[in-house]
1. Using the Cβ atoms and a cut-off under 13 Å, what net charge is assigned to the surroundings of GLU66, where Lys and Arg are +1 and Asp and Glu are -1?
2. For Cα pairs less than 8 Å apart in space and 6+ apart in sequence, what is the mean separation divided by the residue count of the chain, i.e. the relative contact order in percent?
3. Within a Cβ distance under 15 Å of ALA18, other residues only, what is the Lys/Arg minus Asp/Glu net charge?
4. On a 0 to 90 degree scale, rounded to 10, what angle separates helix 69-81 from the longest Cα axis of the chain?
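Read-outs throughout are calculated quantities, based only on the coordinates presented, and are distinct from any laboratory measurement. If you're wondering where the values come from, they're calculated on a predicted model, not measured in any experiment. Every residue, glycine among them, receives a Cβ derived from its backbone with ideal geometry; neighbour counts consider all protein chains shown.
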Amino acid sequence: MGKWYARPVLFVADVQRAVDFYVGKLGFTEKWRFGDEVAQVDRDECEIIVSSQRPPKTGMGMLFVELTAADFKALPDAFAANGVAFTHGQWGYPVLIVDDPDGNQLFFPDPESPGG
């Protein structure tokens, strides 16, 4: 069997606003765009498609982003420097949670915590 590959789709109200957030606040780059309805942003091996094509699903996404321990430890300062609000949470282990402008949630689990 080959390697499985997935790109999550997060539904948003405004693709440009979402791209601006992911690029300007979280350090992604815009990889491609299809009109005003769909775009993909990338950072390292994390690829996310944002789409305004399903309005009833806007803001319902949840995505786990795995980081190295060093990158995880640097997150709070990086978020603060870019004006990104985040909360501490639990998902059986500690996580940092960021809501995008539409309410989609990115969970960053602590890689040094059991279960993380």
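1. Details: positive: ARG43; negative: ASP44, GLU45, ASP71, ASP110, GLU112.
Summing Lys/Arg as +1 and Asp/Glu as -1 gives -4.
2. So the answer I get is 25 percent.
3. Spelling it out: positives minus negatives among the neighbours equals -2.
4. Helix 69-81 and the main axis of the chain meet at about 60 degrees.
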